[in-house]
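Shown next, in structure tokens, is the structure this report addresses.
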Amino acid sequence: MAGAAEERGPGPAEGEQRQEQHVACQVFPERLAEGKPGQGFLSSFFNNNRKCQLMLLKTLETNPYVKLLLDAMKHSGCAVNKERHFSCEDCNGNVSGGFDASTSQIVLCQNNIRNQSHMNRVVTHELIHAFDHCRAHVNWFTDLRHLACSEVRAANLSGDCSLVNEIFRLHFGLKQHHQTCVRDRAILSILAVRNISKEVAQKAVDEVFESCFNDHEPFGRIPHNKTYARYAHRDFQNRDRYYANI
């Protein structure tokens, strides 16, 4: 859910971070009519839809974060099908996408996803939610700590808090800056989908932060960039082969 910095020239335009919010776990006032075109020109919808589908295909085929997550989902018994589990739709507001737990579907907001890098981050972030949904009994709607934990993991493992993204946001710091970024992004993500106070969101994140920040599955490490993600994917594949031979 938490947003990721967008790469548009040297950095995001003013106010662009509002477009970084992803909607997690189907509290979807922003989702329009089950993916059908909303108001506006049909030609615009279909052009956006085709662009979204092409960017999604490239992400699924080339992004190392996503390739690892797809392998991990399959290994956990929740193989992902592009046609079944992804939906490019127009969304209200500034959200980029979300994981709809009621249908086990990742929604990609085709009218708000601006470029390939943005698509990569949205898909990675939402696949982490999908992975959590697959491997654990997540009470998305009734236990705020469950949502907070998945948001911490998504912010930590999706590359959203990479040094490059933080520099683009003009956020600087040295001591435990990554942890601060993860905490802040998780809180923002919760506030995007829950009508609660910032204090309540902060409390939920604080309660789960240590254990969820240190849960690096399926990466095995914090993948700070694509190189780390490739190494993590290689290690995951080798681990899979090892257990298959026992």
**Complete:** When the stretch 60-117 is checked residue by residue, the ones that are touching an Asp or Glu at 6+ places or on another chain (Cβ under 9 Å) and of a type in the set (Lys, Arg) are 67, 114
**Message:** Can you go through 71, 132 and tell me which one is touching a residue at least 12 places away in the same chain (Cβ under 8 Å), closer than 29 Å to residue 204 by Cα and of a type in the set (Asp, Glu)?
**Reply:** 132
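State whether one or more residues within the stretch 209-217 are more than 17 Å from residue 154 (Cβ to Cβ) and open to solvent by less than 80 Å² (accessible area, probe 1.4 Å). Walk me through how you get there before you give the answer.
Step one: of the stretch 209-217, the residues more than 17 Å from residue 154 (Cβ to Cβ) are none.
No, because not a single residue in the stretch 209-217 is more than 17 Å from residue 154 (Cβ to Cβ) and open to solvent by less than 80 Å² (accessible area, probe 1.4 Å).
The values are calculated or read from the model by the stated rules, or taken from the named source; none is laboratory data. In this text, all values refer to a predicted model and were calculated from it rather than measured experimentally. We place every Cβ from the backbone using ideal geometry, glycine too, and count neighbours over all the protein chains shown. What goes into the accessible areas is simple: the full protein's heavy atoms, side chains included, and nothing from ligands, DNA or RNA. Shrake-Rupley method; radii C 1.70, N 1.55, O 1.52, S 1.80 Å.
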